[in-house]
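Engineer: Take a look at the following structure, please.
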Amino acid sequence: MRLIALSLSTALATLPAFAETPDIEKDELTLGFIKLTDMAPLAIAKEKGFFEEEGLYVTLEAQSNWKVLLDRVIAGELDGAHMLAGQPLAATIGYGTKGAVITPFSMDLNGNAITVSNAVWEAMKENVPTDAEGKPVHPVSAAALKPVVEEYAAEGRAFNLGMVFPVSTHNYELRYWLAAGGINPGFYAPDDVSGQIDGDVLISVTPPPQMPATMEAGTILGYSVGEPWNQAAVAKGIGVPVITDNDIWKNNPEKVFGLTAAFAEENPQTVLALTKALIRAAIWLDENDNANRPEAVEILSRPEYVGADRAVIANSMTGTFEYEPGDTRPAPDFNVFFRYNATYPYYSDAVWYLTQMRRWGQIAEAKPDSWFDETARAVYRPDLYKAAAEAVIAEGNATAGMFDFDADGYREPTSDFIDGVTYDGHQPNAYIDSLTIGLKAGQQVEGGAITN
């Protein structure tokens, strides 16, 4: 797959900006989102006029949590929404709220981090190597956290961590990082959906905007979340981000735009117009080496969108990331919206989420490799994406060289994970079996124990 650099000001300067999609079935739409910076493509598509130029009149509504958001999309109260990548998959296979949900568009890569309280960080630091300047060497392995977790266990204290939703990227990234460092994050079972069976830590759900306050109160000792809630902990002086998700899995898929399969079938031109507008917004966000990010930060800081302090949002959106006060490091790919083919809904991305659901017991029984492929194809729709991208190209709002339409919808195998394990989306069961901690082929969780 080609990695495409964006220097588009010259290429697009003379191209038309207005190309309304014809025969739109429903032009007035209400779309949901959670107050996170990676909802940016929706805000930009609205504020820069891309929705209207495609013939759509869109209202964006912030939702209180991911469950409410998903339930409202399935019920038809929202026409579509900014979603966790795992949500359409989980809904389709019936884990949690059941419903046929699809995605024609991947909203971004990366964008998350894992933060711990100041006290936990102080305890971890003695296990973290430092560089010549005395600064911690990144990425920080969860092996540095393991002695701290063991000390809590020896004292009979629970080590509580937060994540945003059971099928969130944040949950799987947190679990991946912990397991790579030798910490068992716990399992799910059909009769126990806490995800805490046999765990060395206790991971539970906390809504993103509440995470800093919940950690400050001592209810949780750390969390996995998107921005701006990691940088908020630094700004408030209550915690330290120890690793970004780009260091757990380089250029990992994060959020998607989700809508019901029924809506897509009944309103194909509307979905085409939506996807075109979102592609254009993603291009705008990344073009010219992120030159538009300061304006995006101002838009996102508005109360109707993320509503966080502009400087906090800018910490990550403009290519840097602050770990401890004063320890700000370059992070040009912390938020990626278009480059690296970020907007393409790869089947292999869907399969990875399904492997993690199986690894931790959310998918209770082993499935053949073919099942993973079939499920991915039912939910991720590169055909819809390609139609929209080709229309954007034909209308002069992008060039063909900006896209890479992979023939089979799968990324190349990669070992860009913190543990160096290779992931090949065509071989999900072999991948699951190669991971040190987690369910293997034929294993299930029954009665609080793993059985073969």
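The values are calculated or read from the model by the stated rules, or taken from the named source; none is laboratory data. The structure displayed is predicted, hence computed values, not measured ones. Note that each Cβ is placed from the backbone with ideal geometry, even for glycine, and that neighbours are counted across all protein chains shown. Accessible surface areas use protein heavy atoms only, side chains included; no ligands, DNA or RNA. Shrake-Rupley method; radii C 1.70, N 1.55, O 1.52, S 1.80 Å.
Engineer: Need the list of lysines near K135 for cross-linking: C-alpha distance under 18 angstrom, and skip anything on the same chain fewer than eight residues off.
Structural biologist: Result set, ordered by chain and number: K125.
Engineer: I need the peptides 389-395, 181-187, 128-134 ranked by packing, meaning the mean over residues of other C-beta atoms within 10 angstrom, with the highest value on top.
Structural biologist: By packing density, highest mean first, the sequence is 181-187, 389-395, 128-134.
Engineer: Going highest first, how would you order 434-445, 78-89, 136-147 by mean Cβ packing within 10 Å? Please report the intermediate quantities before stating the final value.
Structural biologist: Details: 434-445: 16.4, 78-89: 26.9, 136-147: 18.8.
Ranking, from highest mean packing down: 78-89, 136-147, 434-445.
Engineer: Once region 283-387 is represented by equal point scatterers at the alpha-carbon sites, with solvent omitted, what log10 I(q)/I(0) does the Debye formula produce at q = 0.17, 0.19, 0.20 Å⁻¹?
Structural biologist: Summing over Cα pairs of region 283-387 leads to -0.92, -0.96, -0.98.
Engineer: DSSP H helices in the chain with Cα extent of 15 Å or more along the helix axis and mean Kyte-Doolittle hydropathy at least -1.0?
Structural biologist: Helices meeting the span and hydropathy rule in the chain are 169-180, 268-290, 347-359, 369-379, 382-394.
Engineer: Oh, and also: Under a Cβ-Cβ cut-off of 10 Å, what is the net charge of the residues other than A113 that fall near it, where Lys and Arg count +1 and Asp and Glu count -1?
Structural biologist: Result for the neighbourhood of A113: -4.
Engineer: P(r) for region 208-325: what percent of alpha-carbon pairs falls in each 10 Å bin, starting at zero?
Structural biologist: Percent of Cα pairs in each bin: 12, 33, 33, 17, 5, 0.
Engineer: Please report, as a whole percent, how much of the solvent-accessible surface of the chain comes from carbon and sulfur atoms (probe radius 1.4 Å).
Structural biologist: Values: 8010 of 16190 Å².
Of the solvent-accessible surface of the chain, carbon and sulfur hold 50 percent.
Engineer: Name the aspartates and glutamates eligible as straight-distance cross-link partners of K146: C-alpha to C-alpha under 15 Å, and not fewer than 8 places from it in the same chain.
Structural biologist: E122, E126, E155, D200
Engineer: Which lysines have a Cα less than 29 Å from the Cα of K26, not counting those fewer than 8 places away in the same chain?
Structural biologist: The reachable lysines, counting only those whose Cα sits under 29 Å from K26, are K35, K46, K48, K67, K98, K255, K276, K386.
Engineer: Oh, and also: Rounded if a/c is under 1.5, else prolate if a/b is larger than b/c, else oblate: which is region 124-202, with a ≥ b ≥ c the root eigenvalues of its Cα gyration tensor?
Structural biologist: Judged from the Cα gyration tensor, region 124-202 comes out oblate (a/c at least 1.5, b/c at or above a/b).
Engineer: Over 10 Å intervals from 0, what percent of Cα-Cα pairs in the chain sits in each interval?
Structural biologist: All Cα pairs considered, the percentages come to 4, 22, 33, 27, 12, 3, 0.
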